[in-house]
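Comments concern the structure below.
The values are calculated or read from the model by the stated rules, or taken from the named source; none is laboratory data. As the structure is a computational prediction, the values presented were derived from the model and not from experiment. Positions of Cβ are generated from backbone atoms using ideal geometry, with glycine treated the same way; all protein chains shown enter the neighbour counts. Only protein heavy atoms, including side chains, enter the accessible area calculation; ligands, DNA and RNA are left aside. Shrake-Rupley method; radii C 1.70, N 1.55, O 1.52, S 1.80 Å.
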Amino acid sequence: AALAMRRDQMGGAPVIVVVGAAFLIAIVVNIVLVNLAVRPMTILEKTVDTIWHGDLDARVPPSRLADRHVARVGRMFNILLDGLLADRERTRKLAVELISAGDRERAAVSRELHDSIAQSLAALVMQLSALAHDADATAVALLLERLHGARALAAATLEEVRLMAHTM
């Protein structure tokens with residue numbers, strides 16, 4: 001009886017070892033499979049973090065391990081990023097065009113100020129100077145004073161227009 005009991009104990013030991021080894025193998029296989037299944041989501045998360053930190057050229061790489069839903073999310077994410085970059089490029093081009101149009105408009109206004117208004121003011125200053133020179137100082141003292149004032153105002157306005165044209 002002692003010998004039979006000993007055989008049962010020994011016969012049970014290999015079964016426990018086999019069941020324990022199978023259990024450990026199952027746990028290891030399960031961990032590996034879970035890691036493989038979660039890897040596409042981890043890659044997606046890392047890509048999002050990279051983009052969040054300013055690298056808009058990062059993309060979610062295709063994965064053989066991802067299920068169709070996760071793969072679809074990755075593709076849609078990449079499409080959205082491509083659209084965002086295209087929009088940024090269009091916005092940049094529009095800003096360049098806007099600045100260029102503003103520069104052209106300022107140049108046109110500057111030319112108009114210089115060529116038209118400044119020339120007219122210069123002619124007015126010269127006419128007022130000639131009128132003041134020709135006026136008889138004893139007969140028209142009041143008129144002469146007003147002419148000098150008008151000439152000074154026209155000269156100051158002319159200088160202001162020239163400065164504005166130059167600034168533009």
### Message
For the stretch 80-104: of the residues being basic (K, R) and either under 23 Å from A58 (Cβ atoms) or at pLDDT 95 or above (or both), which is least open to solvent (accessible area, probe 1.4 Å)?
### Response
K93
### Task
Give the residue that is nearest to A37 (Cα to Cα), with candidates limited to residues of the stretch 64-103 that are in contact (Cβ under 8 Å) with a residue 24 or more places away in the chain and in contact with a Lys or Arg (Cβ under 7 Å, 6 or more places away or on another chain).
L65
### Message
Quick check on this structure: which one of A107, A132, A118, A165 is open to solvent by less than 80 Å² (accessible area, probe 1.4 Å), over 30 Å from E45 (Cβ atoms) and modelled with pLDDT of 80 or more?
### Response
A107
### Query
Within the stretch 52-74, how many residues are surrounded by 12 or more Cβ atoms within 10 Å (Cβ to Cβ) and not in a loop (DSSP other than H, G, I, E, B)?
4
### Query
Can you tell me which of A13, A4, A22 is in a helix (DSSP H, G or I), at pLDDT 85 or above, of a type outside the set (S, T, N, Q) and exposed (fewer than 12 other Cβ atoms within 10 Å of the Cβ)?
A22
